2 protein chains.
Amino acid sequence: MGFSGDNLKGFILALLSSGFIGASFIIKKKGLRRAAAASGVRAGVGGYSYLLEPLWWLGMITMIVGEVANFVAYAFAPAVLVTPLGALSIIVSAVLAHFILNEKLHQLGILGCVMCIAGSIIIVIHAPQEQPISSVQEIWSMATQPAFLLYVGSVIVLIFILVFYFAPQCGHTNVLVFTGICSLMGSLSVMSVKALGTSLKLTFEGKNQLIFPETWFFMFVVATCVITQMNYLNKALDTFNTAIVSPIYYVLFTSLTILASVIMFKDWEGQSAGNIVSEICAFIVVLSGTILLHSTKDFEKSPSFRGNYTPLSPTLSTRLCSGNGDLLQHEEQEEP
Amino acid sequence: MGFSGDNLKGFILALLSSGFIGASFIIKKKGLRRAAAASGVRAGVGGYSYLLEPLWWLGMITMIVGEVANFVAYAFAPAVLVTPLGALSIIVSAVLAHFILNEKLHQLGILGCVMCIAGSIIIVIHAPQEQPISSVQEIWSMATQPAFLLYVGSVIVLIFILVFYFAPQCGHTNVLVFTGICSLMGSLSVMSVKALGTSLKLTFEGKNQLIFPETWFFMFVVATCVITQMNYLNKALDTFNTAIVSPIYYVLFTSLTILASVIMFKDWEGQSAGNIVSEICAFIVVLSGTILLHSTKDFEKSPSFRGNYTPLSPTLSTRLCSGNGDLLQHEEQEEP
């Protein structure tokens, strides 16, 4: 229930991250539109003129800044706090789209925003405090505790089953296969990002952690997880509509990340039952708000901005990769 | 944050009340349908055959039982806890309508239900404990404290302005006039119902409160407030569609009741800021869920059950009166 200085830093960074990421989609979209207007060839039909458009690059930089802020936020505050706040980027992009791109937000979409905000406030109030970590070896001992190893083991087994059994069989008909792989992988990504972020934070504070092999191991895990996640997210986005992939991915990813964080960092240890139940309920509220915002965006179809609510893929590379892909994909869909 | 025995009793009574009231609408509706099928004359076009239908009377009794449970709940738990839980009756009637009357619930309506439940859980967890009251004079001193007298004074002035200035001018064009009068009056109704309920509870416990003039005064206030509220609720329902009146009324009524309770019973005194903010956010979530459930019920119009979400008028007589009126009105609307 307390709100430590580190939690506050993490909270502000998560808010900034959502602001930047939400804004980046609008800026990129404006860049794509301007490039299409200038060259007459749209990105969806093979044009690359957007690469000459400064606005598109500004959007890209905004997104990277947002992702870095998100990465650093994980070093300060528990994942139980940072991850659900990612939903706020959807609100930022919805509100900016409403005012800057003249995309009318459906009334129920506004309700969805209100719910995301109310749920986020409750999550922030009930966020657990983390034990201060003094070295990467401490994280290593958390990561190698039996309960978390069991989680990692189950995740890897599930991923293998999904990749080698279900993906060839029904990967292209069932949306849960590819998004499931991404989300399972994503929960490991966030945990390793958190471990790496914390060791880098300690290094910047003067306690060099780069001398420990554990730091490099976490770096390797981050790279592996993020690349796998990116690969399967692209497969999911190639196969299914973003409007279907995004909310499912957000729900699965956020739930699994919270589960992983609760196991590894024991976020809920020492918290009252009331606190934990409040957090879970608030998380459900944020998810519901997100789903509402997603499902109502098609109620009033607007000509050229169906892809503006896509900032749901929550790690750097996946978003760098999918963000652009989404927009291209959507541009394509809009051609009648 | 604690959950006393009295709070638990009040909570269970409020749940039972919502269950009974939610079910009563379905039973009454089934009775009306059966009566219409038997006599060939519908209630909306002047038939009174439903008065011979036992099912309709069963629905009426269920509703009275629910209202009594609601009344008693106020004697045990704070209004901040009991009032928002009234939203659960909407869920009960929506779910029962789905299964018994084969009214398909829209997917977003289900989301609305989920939100109402999540919000209610958070409200219940954070509900304040009430100081035990030992006599009606204690309530009297709460009701005559300057802050609450100021609230009552402002409410009465506002009601007079609405009744004598706005009602003749724009009562039939602006939905906020009649619903505003009802809601302002309603907040006083609930406070006096709570005072009366508590004194009756004390009387049953052996401490006779009927010897005090304060008890009779509260009884007089209950009667006056409820009759005025009933009168203006009927005006509102006669003038505007129930689908518009109900959610606005619910939002205004519940907000004003909580405000009145917080002033009179000092529900929030001694609570942490985090608790109060959580309660407010959870209340917003329940309101949003209610609005969502209401706005999506027209998405899939079904032939003869548009009035099933009406149990929003929260005190005995208003609901006894409006409940039936609603159904009649809706029956009427359904005639092409």
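Of all residues being among the polar types (S, T, N, Q) and more than 16 Å from A:VAL82 (Cβ to Cβ) in the stretch A:101-124, which is nearest to the other protein chains (Cβ to nearest Cβ)? Just the residue, please.
The extreme case among them is A:GLN107.
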Hits in the stretch A:8-26 (condition: more than 18 Å from A:VAL190 (Cα to Cα) and crowded, with 21+ Cβ neighbours inside 10 Å): A:PHE20, A:GLY22, A:ALA23, A:SER24, A:PHE25, A:ILE26
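Would the stretch A:269-277 turn up any residue that is surrounded by 21 or more Cβ atoms within 10 Å (Cβ to Cβ) and at pLDDT below 90?
Quick first cut of the stretch A:269-277, residues surrounded by 21 or more Cβ atoms within 10 Å (Cβ to Cβ) only: none.
There is no residue in the stretch A:269-277 that is surrounded by 21 or more Cβ atoms within 10 Å (Cβ to Cβ) and at pLDDT below 90.
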Taking the options B:SER89, B:SER39, name whichever one is more than 30 Å from B:PHE204 (Cα to Cα) and either within 13 Å of the chain's Cα centre (by Cα) or at pLDDT below 85 (or both). B:SER39
Return the total of residues in the stretch A:208-218 being part of a helix (DSSP H, G or I) and open to solvent by less than 20 Å² (accessible area, probe 1.4 Å). 2
Going through the stretch B:114-123 in order, the residues found to be open to solvent by 10 Å² or more (accessible area, probe 1.4 Å) and within 19 Å of the chain's Cα centre (by Cα) are B:ILE117, B:ILE121
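So, A:GLU67, is that one without any contact (Cβ under 8 Å) to a residue 12 or more places away in the chain, closer than 24 Å to A:ASP6 by Cα and of a type in the set (D, E, K, R) or not? Spell out the reasoning first.
On the way: without any contact (Cβ under 8 Å) to a residue 12 or more places away in the chain: no; closer than 24 Å to A:ASP6 by Cα: yes; of a type in the set (D, E, K, R): yes.
No, not satisfied.
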Among the residues of the stretch A:60-73, count how many are open to solvent by less than 10 Å² (accessible area, probe 1.4 Å), in contact with a Gly (Cβ under 8 Å, 6 or more places away or on another chain) and under 27 Å from A:ILE122 (Cβ atoms). 2
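Residue under question is A:TYR249, and the condition is that it be over 19 Å from A:LEU149 (Cα atoms), in contact with a Cys (Cβ under 7 Å, 6 or more places away or on another chain) and either at pLDDT 85 or above or open to solvent by 50 Å² or more (accessible area, probe 1.4 Å) (or both); does it hold?
Considered against the rule, which asks whether it is over 19 Å from A:LEU149 (Cα atoms), in contact with a Cys (Cβ under 7 Å, 6 or more places away or on another chain) and either at pLDDT 85 or above or open to solvent by 50 Å² or more (accessible area, probe 1.4 Å) (or both), A:TYR249 comes out as no.
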Of the numbered conditions (1) touching a Ser or Thr at 6+ places or on another chain (Cβ under 7 Å); (2) within 30 Å of A:CYS281 (Cβ to Cβ); (3) surrounded by 23 or more Cβ atoms within 10 Å (Cβ to Cβ), A:HIS106 fails exactly one; give the number of that condition. (3)
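Report yes if some residue within the stretch B:162-183 is of a type in the set (S, T, N, Q), in contact (Cβ under 8 Å) with a residue 12 or more places away in the chain and open to solvent by less than 60 Å² (accessible area, probe 1.4 Å); otherwise report no. Steps first, please.
Here is the first cut: in the stretch B:162-183, the ones of a type in the set (S, T, N, Q) are B:169, B:173-174, B:179, B:183.
Checking which are in contact (Cβ under 8 Å) with a residue 12 or more places away in the chain leaves us with B:179, B:183.
After this cut, where a residue has to be open to solvent by less than 60 Å² (accessible area, probe 1.4 Å) as well, the list is B:179, B:183.
Checked against the condition, which is being of a type in the set (S, T, N, Q), in contact (Cβ under 8 Å) with a residue 12 or more places away in the chain and open to solvent by less than 60 Å² (accessible area, probe 1.4 Å), the stretch B:162-183 yields at least one hit.
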Selected residue (criterion: modelled with the lowest pLDDT) from residues of the stretch B:278-304 that are more than 9 Å from chain A (Cβ to nearest Cβ) and open to solvent by 40 Å² or more (accessible area, probe 1.4 Å): B:PRO303
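B:GLY197 - would you say it is surrounded by fewer than 22 Cβ atoms within 10 Å (Cβ to Cβ) and touching a residue at least 12 places away in the same chain (Cβ under 8 Å)? Step through it out loud before you land on a result.
Values: surrounded by fewer than 22 Cβ atoms within 10 Å (Cβ to Cβ): yes; touching a residue at least 12 places away in the same chain (Cβ under 8 Å): yes.
So B:GLY197 fits the description; yes.
The values are calculated or read from the model by the stated rules, or taken from the named source; none is laboratory data. None of these values were measured; they are calculated from a predicted model. Here Cβ is always computed from backbone atoms with ideal geometry, including for glycine, and neighbour counts include all displayed protein chains. Ligands, DNA and RNA are excluded from the accessible area calculation, which covers all protein heavy atoms including side chains. Shrake-Rupley method; radii C 1.70, N 1.55, O 1.52, S 1.80 Å.
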